[in-house]
Structures are given as C-alpha cells and as structure tokens.
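Reviewing the structure listed below.
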Amino acid sequence: MKFVISRDALLKPLNLVAGVVERRQTLPILSNVLLVLEGEKLSLTGTDLEVELVGRVQLPAPGVDGELTVPARKLVDICKSLPEGNDIEFSAEDGKLTVKSGRSRFTLSTLPAREFPSVDDSIGTHQFALKQGQLRRLIDRTGFAMAQQDVRYYLNGMLWELKQGRMRVVATDGHRLAMCTLPSDVDIPEDMQVILPRKGVLELARLLMEDEAEIGIVLGSNHLRATTADFTFTSKLVDGKFPDYERVLPRAADKCVIGSRMELRQAFTRTAILSNEKYRGVRLKLVDNAMEIVANNPEQEQAEESVPVDYQGDSLEIGFNVSYLLDVLGVLSGEQVRLSLSDPNSSALLEETDTDDSVYVVMPMRL
C-alpha cells in the first residue's frame, strides 16, 4: 500500500472518523482506524461496535492498493502536528506503516485489516432523503433533553418517528421533553419508531456541515445508516420501547404567558446565580402583565427579577429547575416565547410564537 495525500485533505475526514474511536478499548484493533485504498479512492473507517463511520477521500493520483489498520489517535496527532499545506506520503511493508512529510518520518505499527470488525450490513426497511440542515435542526432542537446515564436505557437516546407526511424526533430524561417535527414528503410503507443512542446522535450531528446538501437515511430493525457524499455513518439502535410522549403533553393548560425570549433568558441566567447549586430551583410568580422570578439558596441569599409579559388571569406560583428552562430558551430562536401553564403541580409547555415545529415540556418542582 502506497499513496500521497495533502495534509489538509486528510485531516478533516480523519478527525471525524477518529472521533468515533473510544480512547479506552478492550480490543486493541478498536483503537485503530482502517485505511483501504482502491485506485484514487481512500476510505477511512472507525468503530466502537455501536457506531461506525466511513470517510472517503479522492487522491490526486492513484496509489498502490492495499488495506491495513493503524492507531487512530497517533495518526491524528501526527497529521495535526505537520505544517499546513504539506503533502504526506504513506507506504506500508512488513507490518509497519511509514508516514513521511518534508524532513519528518514516522513508523507506526499496524494490525491486519481482516481483523477489523464491521457493523452488521442488514438491509433497511425504510429509505428517505432530507437536507442536512433540516436534520441538524431536528437534532439541535431536541438533543439537549436526552438522558445521559439513566437506568431506563431507552431514554439515553433520541426517538425518530416516521409517519406519512412528517418526521418527528423526541428526547426526554423524565424531567423535561423536547420534540421537533419536520413536515416532509417522505414516502414510507408504514409508520416507524426507532431510538438512536446518545453517541450516535452526537456523532451524526458532527457530520452535518452543509445545510443544503442531501443526506440519505436507511432505517432497519437494528441499524440506522446515513450517507452523504463524503461519509457513511452507521449506528446500532436502542432495543427498547420509548414512552408514549403524547401523554406527557399538557392538554388543560389554561394560563398563557407570552414574553421576550431574550429578556426571560437573561433574567433566568441572573437569578440562577443564587439558586441552590444542587437543585437549581427558581420560583415563578405570575401576576397581570408581569412574571416575578425568585431564587433562594441554603446560605439565605436571594435573587429577584421582574419581567414584563403578556398575561391576564389568576395569579399563580410555580417552581422549576432553572437549568431546564435555560436549555429550552437557548435552542429557541424566535423573538417571543409562549409558556402555557395550568396549576403548580402540572407541567409547563414552552414553544415559539411564530413557528410551531418545536414543543418543550418541563416538569415543575416543589419548592
């Protein structure tokens, strides 16, 4: 195996592929990246057995075909440390890979490509395409609400729901829920729900760089595969049943508050400074045309804010985790936000006033 490639052309796909590779591995080969050369096409593959990412690069001239695996992290560090604009020459023989550039020369150990595991290549049942920008919006607007290490393992991921005429993604950690819906002309044989694991969601989001370019999605019973011009991404799916999120959406919210998203966000950020570091609770008091926000902590300190809002009705006092409210206000982009409430023990519904594709539910706190 032998080829020459510019440092800059190699670094982008190599960085993304190496991102999938876990630093601590039980199998030595899993800390390696697989290089396969066929003529002018070089492909790089990284996997942790849950997620697999294949990057493709076009070489300026054909090389000598071959395949091998090399330590991912070391190869990334070598390429990063070389000067910009340099060409790198790769050549392999006797189980070693030699990397040369200018006056620098590195020799890396390799492991045979035949030992490199591949993620199951089963045929998907649902195929569709959408713009990368559309998928990125779905993930950006909901990803923050995924659980991190919940024993309810099906919450450590994101629900993708396909129905005729729309695609919806939902994430929840049991305390808050985020939902974003994309009207699409996806022609699918039947409705489908799959759960993409947390790592799969985060890695897929890193690949979505060109808003207008298309990404092809194939969904199977166990895997999701996403393909762009430069990458093929495959992730195992979570084998579990996602809770019925429709039942969580508040139906009887009769109190509607409309306020400036930025004003509310700044007020919550300031009051959060003096909230309890562990529970992060703030108290909201609604009166005519004003929302008062109060935070206390065990040191007997207190923060108070009053924000003008559009609200008419009975006064109401309700507690929330301020971090959850700030997360929602951070991903919304509209000028105004609508908050729908019913009583101190019921969830709040947050959405933008000008678009209705994103809906957020936050559970209240007893303070």
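Only one of the numbered conditions (1) open to solvent by 10 Å² or more (accessible area, probe 1.4 Å); (2) of a type outside the set (Asp, Glu); (3) at pLDDT below 95 is violated by Ala205, and that is (3). If you check Leu10, Leu44 for being touching a Pro at 6+ places or on another chain (Cβ under 9 Å), buried (at least 20 other Cβ atoms within 10 Å of the Cβ) and in contact (Cβ under 8 Å) with a residue 12 or more places away in the chain, only one passes: Leu44. Every condition in (1) touching a strand residue (DSSP E or B) at 6+ places or on another chain (Cβ under 8 Å); (2) in a helix (DSSP H, G or I); (3) among the charged types (D, E, K, R) is met by Arg56 except one, and the failing one is (2). Within this structure, Val282 fails the test of being assigned to a strand (DSSP E or B) and in contact with an Asp or Glu (Cβ under 7 Å, 6 or more places away or on another chain).
Among the conditions (1) open to solvent by 30 Å² or more (accessible area, probe 1.4 Å); (2) farther than 30 Å from Arg198 by Cβ; (3) small (Gly, Ala, Ser), the only one that Ser31 does not satisfy is (2).
Out of curiosity, is Ser260 of a type in the set (S, T, N, Q), within 28 Å of the chain's Cα centre (by Cα) and open to solvent by 70 Å² or more (accessible area, probe 1.4 Å)?
Numbers: of a type in the set (S, T, N, Q): yes; within 28 Å of the chain's Cα centre (by Cα): yes; open to solvent by 70 Å² or more (accessible area, probe 1.4 Å): no.
So Ser260 does not fit the description; no.
Do you know which residues across the range 269-312 are at positive phi and either under 30 Å from the mean Cα position of the chain (by Cα) or open to solvent by less than 40 Å² (accessible area, probe 1.4 Å) (or both)? Break it down stepwise before answering.
Of the range 269-312, the ones at positive phi are 280, 289, 300.
Across the range 269-312, the qualifying residue is only Arg280.
Apart from one condition, Leu59 fits all of (1) of a type in the set (A, V, I, L, M); (2) open to solvent by less than 10 Å² (accessible area, probe 1.4 Å); (3) in contact (Cβ under 8 Å) with a residue 60 or more places away in the chain; (4) closer than 16 Å to Val4 by Cβ; the exception is (3).
Of the residues that sit in the range 101-147 and are of a type in the set (Phe, Trp, Tyr) and not in a loop (DSSP other than H, G, I, E, B), which one is least open to solvent (accessible area, probe 1.4 Å)?
Checking each candidate, the answer is Phe128.
Of all residues in the range 182-201, count the ones that are closer than 17 Å to Ser235 by Cβ and surrounded by 17 or more Cβ atoms within 10 Å (Cβ to Cβ). Matching residues across the range 182-201 total 8.
In the range 317-337 there is no residue that is without any contact (Cβ under 8 Å) to a residue 40 or more places away in the chain and open to solvent by less than 10 Å² (accessible area, probe 1.4 Å). Just so you know, in the range 148-161 the residues that are surrounded by 19 or more Cβ atoms within 10 Å (Cβ to Cβ) and of a type in the set (A, V, I, L, M, F, W, C) include one that is farthest from Glu210 (Cα to Cα), and it is Leu155. Among the residues of the range 162-181, those that are open to solvent by 10 Å² or more (accessible area, probe 1.4 Å), assigned to a strand (DSSP E or B) and either more than 21 Å from Val328 (Cβ to Cβ) or at pLDDT below 95 (or both) comprise Lys163, Arg166. What is the residue count in the range 78-100 for residues that are part of a loop (DSSP other than H, G, I, E, B) and of a type outside the set (A, V, I, L, M)? Number of matching residues: 6. On inspection, Leu82 qualifies as touching a helix residue (DSSP H, G or I) at 6+ places or on another chain (Cβ under 7 Å), at pLDDT 95 or above and of a type in the set (A, V, I, L, M). When Leu14, Leu49, Leu75 are checked against the criterion of being within 32 Å of the chain's Cα centre (by Cα), at pLDDT below 95 and not in a strand (DSSP E or B), a single residue qualifies: Leu49. Would you call Gly216 of a type outside the set (A, V, I, L, M, F, W, C), surrounded by fewer than 16 Cβ atoms within 10 Å (Cβ to Cβ) and in a strand (DSSP E or B)? Considered against the rule, which asks whether it is of a type outside the set (A, V, I, L, M, F, W, C), surrounded by fewer than 16 Cβ atoms within 10 Å (Cβ to Cβ) and in a strand (DSSP E or B), Gly216 comes out as yes. Of all residues in the range 314-354, those satisfying the criterion of being of a type in the set (S, T, N, Q) and under 23 Å from the mean Cα position of the chain (by Cα) are Asn321, Ser323, Ser333. Of the residues making up the range 338-367, not one is open to solvent by 30 Å² or more (accessible area, probe 1.4 Å), in a strand (DSSP E or B) and polar (S, T, N, Q).
The values are calculated or read from the model by the stated rules, or taken from the named source; none is laboratory data. Note that this is a predicted model, so its numbers are computed, not measured. Neighbour counts run over all protein chains shown; Cβ positions are idealised from the backbone, glycine included. Accessible surface is based on the protein model in full, side chains and every heavy atom, while ligands, DNA and RNA are left aside. Shrake-Rupley method; radii C 1.70, N 1.55, O 1.52, S 1.80 Å.
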